[in-house]
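*Asks:* Input: one structure, supplied below.
The values are calculated or read from the model by the stated rules, or taken from the named source; none is laboratory data. Since the structure is predicted, the reported quantities are computational estimates derived from the model, not experimental observations. Glycine also receives a Cβ, built like all others from the backbone with ideal geometry; neighbour counts cover every protein chain displayed. Accessible surface is based on the protein model in full, side chains and every heavy atom, while ligands, DNA and RNA are left aside. Shrake-Rupley method; radii C 1.70, N 1.55, O 1.52, S 1.80 Å.
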Amino acid sequence: MTGQRPLLLLVDDEQGTLDVVGRFARRAGFDVLTCSGGREAIAQIEARHAALVMVDLRMPEVGGLDVLRAIRDTDPRCHAVLMTGFACVETAVEAVKLGAMDYLSKPIDFGRLDQLLGSVREDIERRRTLLSMESDVARRLEFCGMIGRGPAMQELFDLIRRLAPHVRTVLVTGETGTGKGLVARALHKTGRRRDRRFVTVNCSAVVETLFESELFGQMRGAFTGATETKPGLFEAADGGTLFLDEIGELPHGIQAKLLRVLETGELHRVGSLEARHVDVHVIAATNRDLRADVAAGRFRSDLYYRLNVVELRLPALGERREDIPYLTAAFVRDASERLQKPLVGVTPGAERLLSSAGWEGNIRELRNVLERACILADGDFITERELMVSLPVWTPAAPAAPEPVRAPRVPPERLADVERDHIQRALERASGNKKAAAKMLGLSRRALYRRLERLDLSNTITRRANGALLVEA
Ligand SMILES: Nc1ncnc2c1ncn2[C@@H]1O[C@H](COP(=O)(O)OP(=O)(O)OP(=O)(O)O)[C@@H](O)[C@H]1O
Ligand SMILES: [Mg+2]
């Protein structure tokens, strides 16, 4: 996004002003969008982020103050400047109250206009620099698009670098959202086949009856619906890498056939007796416990042992919380670029919240939460408020207690118990800081103290044990 010209939305019912000011601003490095009425301007403000809006005060129907009001309500980061031929103190005051940064009287003094455009540009640059300083740190620690500062990931990156040139088959395991897809690509990109094809098959997305022909190809007329002869994905990946994602979903019947191809390097298209030779590196990934699947008879043990000669296990995000700030910086950077919001980062309170959440969905979940928060944020920083809305559930940092087995039709919990629980979780989230907890709960600090008293929680202490935050009553 660096180098992109900031957008100026210019609103006036006089074509002359639009022309003159527009030309000047373009020369000063802005992209200019013009509107000849307030209504049209408000629609633009709702649709996109303008760095600066310059609006005429008096226009028929929807006037300049209404436009300022719309900016305040929908895009408060935008700079706003009111222009008018009838300068009067009251309107100026009203405009400033509505968030206008400046007031230009007509005819426009170009010296002042130049100053104004300069200071808007400076402000945008300042925000960009802040944002890129943080994300530069994150970027330097990247490996093939993966961020991982802590020892667990650094070790994994090192392993990938060392293994990639030598291995033909790798099994990548880890919980959902830990980055198995990225690791598979990293292995390919770091290996000797980086310039050859990388073909992905998502085993959970292939219709069972079509699996064999998808993977190994088919001859025309081999079965009903086989209207043409075509190679399968193994042949498509010949000389390169085939990524079998969600390998745990591979139908049992295909498992034996896959094993044979891995062992002999030969396959038969469906309906053909001719053996074809393929030279394919295979990376398989799964979030299932394949060992348990083997024990349960769902996955062939011979295939499992063929695949797991080299196994790369991705740690869950909860096992590498030290990476959270770096992932956060990078995801906020990405989202703010995409959404064209000049977000600078997260507040320390929000950072604490992110570092202690449960993250069952791992990095994917962290990314989604931050993306939602970026949409909601209207200042330079993401705060706890946006996170409270976008974090899916209250997940304490301590290992979750097993779900209680509930008898059917349990009586509803007592309100006081629910309230006590909720408050305790807020305190955990806020690392024991009562002011922050009150804010999260939408209470004043005094109201929180009153409730703590009433619920007999006022002696609540927080302490850290094994890195996890515990709240004890
Ligand atoms: N180390 C990382 N740095 C930056 N982004 C990451 C990292 N790991 C994962 N991601 C991002 O998180 C998301 C989930 O990653 P990915 O799809 O690779 O997970 P997965 O382990 O394959 O999950 P699943 O088992 O659900 O398929 C992706 O958007 C990916 O870009
Ligand atoms: Mg995946």
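*Asks:* If we count every other residue with Cβ under 9 angstrom of residue 79's Cβ, Lys/Arg +1 and Asp/Glu -1, where does the sum land?
*Replies:* Around residue 79, the charge tally is -1.
*Asks:* Hey, another quick one. Based solely on its DSSP helices, what 222 nm [θ] is calculated for the chain when runs of n ≥ 4 H residues each add -39,500 (n - 2.57) and the sum is averaged over all residues, nearest 500 deg cm²/dmol?
*Replies:* -14000 deg cm²/dmol, from helical runs alone.
*Asks:* Could you give the size of the charge dipole of the chain about its Cα centre, using +1 on the Cβ of each K and R and -1 on the Cβ of each D and E, expressed in debye and rounded to the nearest 20?
*Replies:* The dipole magnitude comes to about 1120 debye.
*Asks:* Which of the listed residues, 345, 84, 250, is farthest toward the dipole's positive end in the chain, when Lys, Arg count +1 and Asp, Glu count -1 at the beta-carbon?
*Replies:* 250
*Asks:* Give me the 1.4 Å probe accessible area per residue for region 7-136, excluding ligands and nucleic acids, in Å².
*Replies:* Here the per-residue accessible area is 48 Å².
*Asks:* Any idea what Rg and Dmax come out to for the chain if you just take the C-alpha atoms, in Å?
*Replies:* Reported Rg and Dmax, both Å: 29.7, 91.
*Asks:* Additional query: Write out the GluC sites (Glu not before Pro) in region 193-260 meeting two conditions: DSSP loop, and at most 15 other Cβ atoms within 10 Å of their Cβ.
*Replies:* Passing sites in region 193-260 are 228.
*Asks:* Where in region 305-344 does the label zone of residue 129 land, with the point 7 angstrom along Cα→C-beta and an amide N cut-off under 16 Å?
*Replies:* In region 305-344, the label zone of residue 129 (backbone N under 16 Å from the point 7 Å along Cα→Cβ) covers 344.
*Asks:* Still on this structure: What does the charge dipole of region 148-313 about its Cα centre add up to, to the nearest 20 debye, if the Cβ of each Lys and Arg holds +1 and the Cβ of each Asp and Glu holds -1?
*Replies:* Charge dipole, region 148-313, about its Cα centre: 540 debye, nearest 20.
*Asks:* On to the next question. Using +1 on the beta carbon of Lys and Arg, -1 on that of Asp and Glu, and nothing else charged, what's the dipole of region 320-390 about the Cα centre, debye to 20?
*Replies:* The dipole magnitude comes to about 100 debye.
*Asks:* Place +1 on the Cβ of every Lys and Arg and -1 on the Cβ of every Asp and Glu in the chain, take the dipole about the Cα centre, and give the residue among 4, 307, 376 whose Cα lies farthest towards its positive end.
*Replies:* Value computed over the given set: 307.
*Asks:* If you stretched the chain out fully between residue 5 and residue 310, how much longer would it get, using 0.36 nm times the residue separation minus the C-alpha to C-alpha distance?
*Replies:* Gain on stretching residue 5 to residue 310: 104.9 nm.
*Asks:* Which whole-Hz ³J(HN,Hα) couplings does region 268-274 yield from phi under the Karplus relation 6.51 cos²θ - 1.76 cosθ + 1.60, θ = phi - 60°, glycine and proline marked x?
*Replies:* Running phi through 6.51 cos²θ - 1.76 cosθ + 1.60 with θ = phi - 60° gives 10, 5, 4, x, 10, 8, 6 Hz.
*Asks:* Another question, then. Go ahead and run the numbers for FRET between residue 449 and residue 155, Cβ-Cβ distance against an R0 of 41 Å, rounding to 0.05.
*Replies:* Using R0 = 41 Å, I get an efficiency of 0.30.
*Asks:* Any idea of the accessible area per residue across region 148-313, 1.4 Å probe, to the nearest Å²?
*Replies:* 49
*Asks:* Please give the residues of region 46-88, grouped as numeric ranges, whose backbone N is less than 18 Å from a label point set 7 Å along the Cα-to-Cβ vector of residue 36.
*Replies:* 55-64
*Asks:* In a shell of Cβ-Cβ distance under 11 Å around residue 159, excluding residue 159 itself, what net charge do Lys and Arg (+1) and Asp and Glu (-1) give?
*Replies:* For residues surrounding residue 159, the net value is 0.
*Asks:* Of the lysine pairs in the chain, how many meet both conditions: Cα atoms under 26 Å apart, and a spacing of 8 or more in sequence or different chains?
*Replies:* Step by step, the pairs that qualify in the chain add up to 6.
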